[in-house]
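Below: one structure, written as structure tokens.
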Amino acid sequence: MPRVGVFVCQCGTNIAKSVDCAKVAEEAAKLPYVAHAATYVYMCSSAGQQMIEDAIREHNLSAIVVSACTPQMHQKTFEGCTERSGLNRYMSTMANIREQCSYVHKDPELATQKALELTAMAAAKAARDEPLFQSEAPINRKALIVGGGVAGIQAALDIAEAGYEVTVVEKTPSIGGRMSQFDKTFPTLDCSACILTPKMVEAYQNPNIRLLTYAEVEQVGGFVGNFEVKIRKHARSVDEEKCTGCGSCWEKCPQKKIPSEYDEQLGPRTAIYVPFPQAVPLVPVIDRENCLKFLKDRCGVCQKVCPANAVDYTQEDEIIEDTFGAIVVATGFDVWDHSDYGEYGAGQIPDVISGIQFERMLNLSGPTHGKVLRPSDGKEAKTVVFVQCAGSRDDQHGYPYCSKVCCMYTAKHAILLREKAPDAQAYIFYIDIRATGKGYEEFIRDAQRKYGAQYIRGRVSRMFRQGDKVRVFGVDTLGGGQVKIDADLVVLATAIEPRHDAKALSQLLGIGCDNNGFFNEAHPKLAPVDTMSAGIYIAGAAQFARDIPDTVAMASATAAKVVGLFSKEKLLSEPSVANCDVNLCSGCRACYVTCPYDAIEMTEHDDRAARMTRMVACVNENLCHGCGACSGACRSGAMTLRAFTDNQIEAQVEALCELVPA
């Protein structure tokens, strides 16, 4: 006969402020199969866990219920406590009486009654628990990094330093990401290339790191420890082994007026090109959509002038298949398209540009060689208006969230503007100043006091062409009046948004996205770099807008997770997964269609009783997350979820019905 122990946590006053924990324990002791009940101020503490272990031994308990906080936070804590006392670790059940009770109910009487009901349901389930056992799986100790920006580079270097092999897949022709586009970084104004380039070269030269640039992930299968990945390496039309990066090909290329994606359309590039001078690898790629050789089968200058005979027009895409133990997603961000803002010219005013375009202007290797010039006529800009929160904190046109870095990079732009043109004047329209990092507030003050940036608290209502100027109308909410400025150049601090292909990648990897399209973490506090798919981690701005220090720290955190995973001899999978009774399975495929993790396969089963071979469902326990969707969809009752069987759920419903008056 089951002997269940019930332990009610007060969680300081978090639960006890609205739930009478002593009464819940007292009433729980009267429930069927409950042999012992107690309450304590902090059940998760060492003393609380010791109380549980002692009670299990003293009262010969066969299962326990801990009524406390969310199982996400302390399920493993109490499983370990149960195991130390000699029971199977899965003979423990948690009832959430904090988030689902005390936090949402203010009436003590009602909250106490609900806490008792939740506890009774958990006790009924625990009485029908059965011992479960973890299964073992091997680990392939190679990591895949998707994205070669600063986050991907840092994660790759950290993992490689621990002695494990890493493959970095980058969609563009070079690693470096967004940081390579910047001129300087806040708040120290260090040269961005001076910080990033050594890391890029280090990653390129590290024997444990394999760089696959101009490539993308096409298919992902398998599970943690054994992800089977298909990667498409696009044809560069240049042999990477032969190319020396001498530059003869792109210097002689006749197609010189193609808008440069790297320079945000402000400058031209050739049909055969490297994105920037410090590109790694320094191997050009031919843009087949603009190359005369591929369009009209003429020209061929690049092949003729190449001293290494590296140009190969017949090169085709290469499919690379490999197995990895862990995946880090560090795909970065996109910049919001301000053409949605009609009030700001709808993208039709040449002298209204984004912050990233201004960044390319400031860069000595950029389209204007470090000079702040108006795109419309190439004249030097002296009066520059900066508009913050363009697309951020704006439900109507853009996104509801704050992009976190705009206040800081706008201050940086104002400082660099004055350094490039000492007689220039910066006007900054802002809603709030959010400078929360180390040295950030001082940086904002320097922009105002040392570099003369004029901060105007208020929104810009509209802007339009007025002769060769851009007339900007705004409001000064502190001074109390309308502001009119005839600007040479307007720079919008456009919102950081998820990558345009983030949702497609999330479906490929089986990880979730939030309402805005950023990748979802498993838990915002306790698992900020994990995802709901074991073995897949997220780093940098792929998860949300963040600055470079936060990005690097997050990348190192993902590397620590990967190294921790690889340090294990073998993987132990959670046993609370789906199980199919092939004798009951009708092969209807309802579970197969329903499963969001592709954990169910249809396989042949030799049915000796019926003397036939039929298709039945088979669960891959390494892929199953125990969500229970298949169990709910199964028409024949063949699919069950261990630890959440129909018998247990029915017992919970019956326990609730006995407590709730008709």
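Some observations on this one:
- Output for the range 507-546, where each listed residue is closer than 26 Å to Gly391 by Cα, in contact (Cβ under 8 Å) with a residue 24 or more places away in the chain and among the small types (Gly, Ala, Ser): Ala539, Gly540, Ala541, Ala542, Ala545
- Taken over the range 318-340, residues that are more than 21 Å from Gly177 (Cα to Cα), in contact with a Phe, Trp or Tyr (Cβ under 8 Å, 6 or more places away or on another chain) and modelled with pLDDT of 95 or more amount to 4.
- Of all residue pairs spaced 6 or more apart or on separate chains, those with beta-carbon atoms under 6 Å, a first member in the range 197-208 that is in contact (Cβ under 8 Å) with a residue 24 or more places away in the chain and farther than 11 Å from Val150 by Cα and a second member that is outside any helix (DSSP H, G or I) and not aliphatic (A, V, I, L, M) are Asn208/Glu165.
- Complete set of residues in the range 382-407 that are without any contact (Cβ under 8 Å) to a residue 24 or more places away in the chain and polar (S, T, N, Q): Gln396
Residue-by-condition table, conditions (1) surrounded by fewer than 17 Cβ atoms within 10 Å (Cβ to Cβ); (2) out of contact with any Gly (no Cβ under 8 Å at 6 or more places or on another chain):
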site: Glu27; (1), (2): no, yes
site: Lys30; (1), (2): yes, yes
site: Val65; (1), (2): no, no
site: Ser102; (1), (2): no, yes
site: Glu109; (1), (2): yes, yes
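- Only one of the numbered conditions (1) in contact with a Pro (Cβ under 9 Å, 6 or more places away or on another chain); (2) surrounded by fewer than 19 Cβ atoms within 10 Å (Cβ to Cβ); (3) assigned by TED's automatic domain parsing to the domain that holds Thr410 is not met by Asp340, and that is (1).
- Hey, Cys243 within 30 Å of Glu165 (Cβ to Cβ) and either touching a Phe, Trp or Tyr at 6+ places or on another chain (Cβ under 8 Å) or surrounded by 15 or more Cβ atoms within 10 Å (Cβ to Cβ) (or both) or not: yes
- Whichever residue in the range 487-505 is out of contact with any Gly (no Cβ under 8 Å at 6 or more places or on another chain) and open to solvent by 60 Å² or more (accessible area, probe 1.4 Å) and, among such residues, is farthest from Ser376 (Cα to Cα): Ala504
- Residue that is under 30 Å from the mean Cα position of the chain (by Cα), assigned by TED's automatic domain parsing to the domain that holds Ile153 and crowded, with 16+ Cβ neighbours inside 10 Å, where the choices are Gln255, Gln278: Gln278
- The residue that is most open to solvent (accessible area, probe 1.4 Å), among those in the range 258-273 that are more than 17 Å from His369 (Cα to Cα) and assigned to a loop (DSSP other than H, G, I, E, B), is Thr270.
- Residue match in the range 422-429 (condition: hydroxyl-bearing (Ser, Thr, Tyr), part of a strand (DSSP E or B) and buried (at least 20 other Cβ atoms within 10 Å of the Cβ)): yes
- For the range 542-660, the helices (runs of 4 or more DSSP H) that sit wholly inside it and include 1 or more residues that are farther than 30 Å from Ala162 by Cα are 590-594, 629-633, 646-659.
- Here is the figure for the range 556-574: residues that are at pLDDT below 90 and open to solvent by less than 40 Å² (accessible area, probe 1.4 Å) total 2.
- Condition check for Phe518: of a type in the set (Phe, Trp, Tyr) and open to solvent by 30 Å² or more (accessible area, probe 1.4 Å): no
- Filtered residues of the range 298-356 (kept if assigned to a strand (DSSP E or B), touching a Gly at 6+ places or on another chain (Cβ under 6 Å) and closer than 27 Å to Tyr164 by Cβ): Ala326
- Scan of the range 281-294 for residues that are within 39 Å of the chain's Cα centre (by Cα) and part of a helix (DSSP H, G or I), ordered by number: Phe294
- Residue check for Val470: closer than 24 Å to Leu362 by Cβ, open to solvent by less than 20 Å² (accessible area, probe 1.4 Å), in contact (Cβ under 8 Å) with a residue 24 or more places away in the chain and in contact with an Asp or Glu (Cβ under 6 Å, 6 or more places away or on another chain): yes
- Residues that are surrounded by fewer than 17 Cβ atoms within 10 Å (Cβ to Cβ) and of a type in the set (D, E, K, R), drawn from the range 281-311: Arg288, Glu289, Lys296, Asp297, Arg298, Lys304
- Answer residue from the range 4-17, given it is in contact with a Cys (Cβ under 8 Å, 6 or more places away or on another chain) and open to solvent by less than 40 Å² (accessible area, probe 1.4 Å) and is nearest to His59 (Cα to Cα) among those: Val8
The values are calculated or read from the model by the stated rules, or taken from the named source; none is laboratory data. From a predicted model like this one, the values you see are computed outputs, not experimental measurements. For neighbour counting, all protein chains shown are included, and Cβ atoms are generated from backbone atoms with ideal geometry for every residue, glycine included. Heavy atoms of the whole protein, side chains included, go into the accessibility calculation; ligands, DNA and RNA do not. Shrake-Rupley method; radii C 1.70, N 1.55, O 1.52, S 1.80 Å.
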